[in-house]
Amino acid sequence: MSSPTEFAAFTEIAKRVNNWGRWGPDDEIGTLNLITDEVVREAAASVRSGRRVPLALPLQQDGVQTGMMPGRVNPLHAMVQINQEIFGPGTVACSDDAVTMGLQSATHWDALTHVSHSGRIYNGRPADTITPHGGAAFAGIDKARHIVSRGVLLDIPRALGLADDRLPGSHAVTPEDLDAAEELAGTRVRAGDIVLVRTGQIRAYLAGDKHAYAFPSPGLSLRTPEWFHARDVAAVANDTLTFEIFPPEVEDLWLPVHALDLVEMGMPQGQNWNLEELSTACGQAGRYDFLLSAMPEPFVGATGTPVAPIAVL
């Protein structure tokens, strides 16, 4: 296994996209700073029909996790009381639930602390500030208090004219692919936008094959962080388990896009987003921008969170 800093391609890109100190030495939210009040007002103007499209997968035991990530279990739901008259016979009866799950086990956001490299997390803080009991005291997901902005769907299979409307497992999404999808969208990605990159990969899971969904998987290439950095994108999410192409495009360089996005750039990223209905809705409307609400659950010190995003066209 090799450190990403042993690869010149990684270190050169890291220097170009690094945002450490851009919003001050104590900043904990990175590119979410780009979502200003003005950006949100402009995002609200993208609502025209009012059509609402949910983007989350169901939280269920038969979820997307296959055991590849240790401890990241699919949601386990249990009833802790059922129609219990807790205040005495004949009183109003209550039912209550409990859930055990990995916070990144389904549709989720990664916090900036989700990965580290070379002993550092975002803004140069030591990775050992993440502790067993306190979690991420710095830049935990609870610091990302609200994520609402203009969303832009970059529908790569549709932009490339693929007959089966799904990228092959070996496809690394390039900046050129993003350019083509941006042209299809008919709008330029701008500062503060949240970009949703559709690969069509989630169709494998929706068809009942979670293992085909997981591996091999198309995803973002090592070259894409510079594209997002140049446009001052606030966050990126897609419809894959691994976010980036998997297995990696460079042998022994594991999760380089995670390291560039989260550690160097301070840009949150999301995975396992179901973009199928949104792709259809955008195609029908002839537009690919919308108001996106994707609020994190405020788990204190957590390095990720489940999310139930809604696109409003």
Checklist entry - So is residue 299 open to solvent by less than 10 Å² (accessible area, probe 1.4 Å) and either among the charged types (D, E, K, R) or more than 12 Å from the chain's Cα centre (by Cα) (or both) or not? => result no
Checklist entry - List the pairs whose first member sits in the stretch 193-216 and is in contact (Cβ under 8 Å) with a residue 12 or more places away in the chain and at negative phi, whose second member is among the acidic types (Asp, Glu) and outside any loop (DSSP other than H, G, I, E, B), and whose Cβ atoms are under 6 Å apart, counting only residues at least 6 apart or on separate chains? => result 198/155
Checklist entry - Would you pick out the residues in the stretch 219-253 that are of a type outside the set (D, E, K, R), open to solvent by 40 Å² or more (accessible area, probe 1.4 Å) and either modelled with pLDDT of 95 or more or under 18 Å from residue 189 (Cβ atoms) (or both)? => result 229, 230, 247
Checklist entry - How many of the residues in the stretch 1-21 are open to solvent by 60 Å² or more (accessible area, probe 1.4 Å) and touching a residue at least 24 places away in the same chain (Cβ under 8 Å)? => result 4
Next on the checklist: Looking at the stretch 104-119, can you tell me whether even one residue there is open to solvent by 60 Å² or more (accessible area, probe 1.4 Å) and in a helix (DSSP H, G or I)?
Outcome noted: no
Item to check | Residues of the stretch 197-218 classified as under 13 Å from residue 241 (Cα atoms), open to solvent by 10 Å² or more (accessible area, probe 1.4 Å), of a type outside the set (A, V, I, L, M, F, W, C) and assigned to a loop (DSSP other than H, G, I, E, B), total | outcome: 2
Checklist outcome for this item: Across (1) in contact (Cβ under 8 Å) with a residue 60 or more places away in the chain; (2) farther than 25 Å from residue 253 by Cα; (3) exposed (fewer than 15 other Cβ atoms within 10 Å of the Cβ), residue 124 clears everything bar (2)
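Based on this model, can you work out whether residue 262 counts as in a strand (DSSP E or B), in contact with a strand residue (DSSP E or B) (Cβ under 8 Å, 6 or more places away or on another chain) and touching a residue at least 24 places away in the same chain (Cβ under 8 Å)?
So residue 262 does not fit the description; no.
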Checklist entry - Just for the stretch 154-173: of the residues that are closer than 15 Å to residue 275 by Cα and part of a loop (DSSP other than H, G, I, E, B), which one is most open to solvent (accessible area, probe 1.4 Å)? => result 166
Checklist outcome for this item: If we keep only residues of the stretch 271-287 that are open to solvent by 10 Å² or more (accessible area, probe 1.4 Å) and within 24 Å of residue 241 (Cβ to Cβ), then the residue farthest from the chain's Cα centre (by Cα) is 280
Item to check | Residues that are open to solvent by less than 10 Å² (accessible area, probe 1.4 Å) and either assigned to a loop (DSSP other than H, G, I, E, B) or charged (D, E, K, R) (or both), drawn from the stretch 127-147 | outcome: 139, 140, 147
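The values are calculated or read from the model by the stated rules, or taken from the named source; none is laboratory data. Keep in mind that this is a model prediction, so the values were computed, not measured. Methodologically, a virtual Cβ is constructed for each residue, glycine included, from the backbone with ideal geometry; neighbour enumeration extends over all protein chains shown. These area figures cover heavy atoms from the full protein model, side chains too; ligands, DNA and RNA do not enter into them. Shrake-Rupley method; radii C 1.70, N 1.55, O 1.52, S 1.80 Å.
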